[in-house]
Amino acid sequence: MLTKRIIPCLDIKNGRTVKGVRFEDIRDAGDPVELAALYAKQGADELVFLDITATNEKRKTLVELVREVARYIDIPFTVGGGISAVEDVEVLLQNGADKVSVNSSAIHRPELITELASRFGSQCVTVAIDTKSTPEGWKVFSKAGTVDTGLWALDWAKEVVERGAGEILLTSMSNDGTKNGFALDITGEISRNVIVPVIASGGAGNEQHFLDVFEAGADAALAASIFHFQEVPLPGLKKFLAQNKIDIRC
Amino acid sequence: MKIVIVDYKAGNVQSVLFALERLGAHATVTSNTEEIQSADKVIFPGVGEASSAMRALKVNNLDLLLPTLTQPFLGVCLGMQLLCQHSEEGDTEMLGIIPVPVKKFDAAIKVPHMGWNNLHHLKSDLFTGIQEEEYAYFVHSFYAPVTEHTIAQSSYPEPFSAALQYKNFYAVQFHTEKSGPAGAHILQNFLNL
């Protein structure tokens, strides 16, 4: 059976791992390659590296990091953060990244998704969607959750798949950092309505939250600080899920 | 031992190079006929879309060279599918080395088939020391059905070929270079052939 995936996310700034609680308060959680190797050993199914560096040196530093990760890590990984051009993606894939994730740039210019899919294949194109619960429903936000795009989350999810996305990384900004659990309703709704895998992100605080989101229909679940600060150790989490009849690799 | 990786600008070449490096092996990435012919082992990775990959192979006449090779050969992911006969992806005539078709997964299930899945019905030297039900990492939207050339199966939800063999041509649908210690073990088994 295809198993559900557990994906630690490493936020990267200037080559170091950081994690913003609700994307603001940032704490240092170590060396990315070392942390990645630890997660791979503990049974992480994939890794996501999200680059939040904002300097001109950004691209070069990121490529070096991707290369080092690919050299030492023998599980798949996705790279995201500020990717807006076919050339950016080419150099990341050439250096060993398996997938890239695009977010704001795809909202700004949806054709980018199609360009990436036809050039490199849908399997390496993950579209990240940041969504917030509003009185009218779940809407898509950009620029780290500050700008309401006017798009409905479900409509945008369907559109990115139509344009060639091979996977959706769905982050609920309403849940992110709360540790009160994933956004089960919108995750389940999108997962049921698209043919590609959906990674749930935002809100994980304990083992039960992962079980809940897999039962709601997520194909994978992503978290950061609870892994970095060992609040929910990976081996125990996977064992818990297996005991609760979730198909999981452990 | 001389290992070459076939270069046709459509493979996840760097990841395979690093996987070999972790095993203490060195490989040359090349599209040169003599280099490929004289190698002890040939690795043929691939990601992307079938028809454009076939076009890329034709640029250097690799489509004519590869079927003539006699040393142990390993196709990986799209590299496996390219060895088959015909793919439903872009209605593409493939290299035709392994007499197996490539089909699209049923529309009722999620594609790509992405993630870790079990290997079962293992039967080849390629899997020496690998347990039945071991996990490997897959990412693909098309598959080769189970035939007499299948040397490993996986299920999504119906059984399909996780690996194929025809004479000296071995092929795996999963990514050996991204499948943790088990993947490394399978790659080492190939180098030991």
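Each reported figure results from applying straightforward, stated rules to the coordinates on display, with no laboratory input. In this text, all values refer to a predicted model and were calculated from it rather than measured experimentally. FYI the Cβ positions are ideal-geometry reconstructions off the backbone, even for glycines, and counts take in every protein chain you see.
Here are the numbers:
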item	result
Mean projection area, nm², convex hull over Cα of chain A	12.0
Cα-Cα pairs of region B:94-147 separated by more than 13 Å (percent)	70
Chain B, relative contact order [Cα under 8 Å, separation at least 6], %	19
For region B:1-97: Kirkwood Rh in Å [reciprocal of mean 1/r, alpha carbons]	13.3
Calculated FRET efficiency for the pair B:ASP40/A:ARG109, C-beta based, R₀ 30 Å, to 0.05	0.05
Taking all pairs of distinct alpha-carbon atoms in region B:71-193, Kirkwood radius in angstrom	14.1
Average beta carbon contacts from partner chains per residue of A:114-127, 10 Å cutoff	4
Efficiency of FRET between B:VAL29 and A:GLU136 - r from beta-carbon atoms, R0 45 angstrom, step 0.05	0.25
Two-site FRET efficiency, B:GLU133 against A:LYS60, from Cβ-Cβ distance with R₀ of 45 Å, rounded to 0.05	0.55
Per-residue average of Cβ from other chains inside 10 Å of A:90-98	4
Pairwise label distance in nanometres, A:ALA144 with B:GLU21, each label 7 Å out on the Cα-Cβ vector	3.3
Least to most buried among B:HIS121, B:HIS175 (fewest other Cβ within 10 Å first)	B:HIS121, B:HIS175
C-alpha center-to-center spacing [region A:74-152, region B:114-193] in angstrom	31
Peptide A:69-78 - average C-beta neighbours from other chains (10 Å radius)	6
Pairs from A:LYS60/B:LYS41; A:LYS13/A:LYS143; A:LYS99/B:LYS110; B:LYS9/B:LYS41 whose Cα-Cα separation, in the structure shown, is over 23 Å	A:LYS60/B:LYS41
Likely footprinting exposure, B:GLU132, A:GLU136, fewest C-beta neighbours within 10 Å first	A:GLU136, B:GLU132
Average projection area in nm² (convex hull over Cα atoms of the protein assembly as shown, one quarter of hull surface)	19.2
Alpha-carbon centroids, region B:1-18 and region A:178-219: separation in whole Å	37
